[in-house]
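The values are calculated or read from the model by the stated rules, or taken from the named source; none is laboratory data. No experiment lies behind these values; they were computed from the predicted model shown. With ideal geometry, Cβ positions are generated from the backbone for all residues, glycine too; neighbour counts draw on all protein chains shown. Each accessible area value is taken on the protein alone, full model and side chains, heavy atoms only, with ligands, DNA and RNA left out. Shrake-Rupley method; radii C 1.70, N 1.55, O 1.52, S 1.80 Å.
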Amino acid sequence: MLVWSIASQKGGVGKTTTVASLAGWLQKENLNVLIIDTDPHASLTSYLGFDYNNIEKSLYDLYTQESFDKESVQSVITHTNFPNLDIIASSMTLATIDRKLSGRSGVGRILTNALKLIEDDYDVVLIDCPPVLGALMVNALVASTSILVPTQTEFLSLKGLEGMVRTFNIMRKADNNCIINYTVIPTMYDKRTKASRTSLEYLTAHYKDNLWQGQIPVDTLFRESSQKGLPITMLDEKCRGALAYRELLLQLLSKELEINPDKISPNAAAIVSLASGEKNTKSDVNKDMDIIAGDVDAMLS
Ligand SMILES: Nc1ncnc2c1ncn2[C@@H]1O[C@H](COP(=O)(O)OP(=O)(O)OP(=O)(O)O)[C@@H](O)[C@H]1O
Ligand SMILES: [Mg+2]
């Protein structure tokens, strides 16, 4: 079972959008996906149509159990309206969790221990993190096989990324066994703006080894998809934004195949080999995106 945390200490950079979009593609590929909303604002929970004031069981219940077994972990999971897609929902009470857990030992590994109990149930777990460093984020990062850091291509977001990398270093110092694989995802990229281009140059210069080579473009359909409570893949799987997330997914899966071959399920691994046969389609997609971008450039220049 792969576990991906989508984290940044900066708000509004596309974390929730990234979780919803990757989940959309994964469930489309018939993989079993669990998403965990660890943000007390519960954006993802609302996105998927749940009323976070009225959720029967949430992540809060998991964190506040004295001990748990497989059944009690499964009991906080809710099925969504989409096939193969389950959620551990957030609730407002999660905002109190740092206070609730203070003084307890091993609080940073609660989620890791819980996920171990259900590792045969899902191919991929996606964790939406709050934009603040606390017990919820540390639990998510420690439990992950890979961490995705969406970084909006503008100056303030780059500062948020620096904060995340500092956090990774602190975690490595605290636990020598803590392995952190992270990928920086440039988001809301608009190549017509200087801010986007300069930010991307900065990312390439400073984070080359951890930078995904693609970018998630600005696409107004993301806003529409969150309003409608549908992952973008269900709104229009051929739009620029959806296609970019598919490229990202393939890249992440092939990286996992290399670094965590024991964690990737045969079904998830199969997507990578199928996709390598899609190479031609992939370059067609890039060509299509260039043509569209060219059209838009012409319309606006
Ligand atoms: N690539 C994109 N193009 C256009 N709009 C986008 C894109 N990605 C995200 N958005 C929009 O930007 C807003 C913020 O995105 P999102 O909620 O995913 O960020 P977040 O990092 O989860 O924020 P928070 O820290 O508040 O949880 C949303 O309205 C979303 O629809
Ligand atoms: Mg969010």
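Anything in the range 222-241 that is more than 16 Å from T187 (Cα to Cα) and of a type in the set (D, E, K, R)? List them, or say none.
Matches in the range 222-241: E224, K228, D236, E237, K238.
I'd like the residue in the range 63-117 that is within 26 Å of M171 (Cβ to Cβ) and aromatic (F, W, Y) and, out of all such residues, is surrounded by the fewest Cβ atoms within 10 Å (Cβ to Cβ).
Result: F68.
Considering each residue of the range 1-47, count those that are open to solvent by 10 Å² or more (accessible area, probe 1.4 Å), outside any loop (DSSP other than H, G, I, E, B) and within 11 Å of ligand 2 (Cβ to nearest atom), and give that number.
6
Take the residues in the range 105-159 that are in a helix (DSSP H, G or I) and charged (D, E, K, R); name whichever of them is farthest from P261 (Cα to Cα). Walk me through it before giving the result.
Keep residues of the range 105-159 that are in a helix (DSSP H, G or I), which gives 107-117, 135-143, 155-159.
Those left that are additionally charged (D, E, K, R): 109, 116, 159.
Values: R109: 23, K116: 17, K159: 33 Å.
It comes out as K159.
Limited to the range 1-52, what total is found for residues that are farther than 19 Å from A242 by Cα and within 13 Å of ligand 1 (Cβ to nearest atom)?
Looking only at the range 1-52, we keep the residues that are farther than 19 Å from A242 by Cα, and these are 1-3, 5, 7-11, 32, 34, 36-43, 45-46, 49-52.
Retained after the next criterion (residues that are within 13 Å of ligand 1 (Cβ to nearest atom)): 5, 7-11, 37-43, 45-46.
Residues in the range 1-52 being farther than 19 Å from A242 by Cα and within 13 Å of ligand 1 (Cβ to nearest atom): 15 in total.
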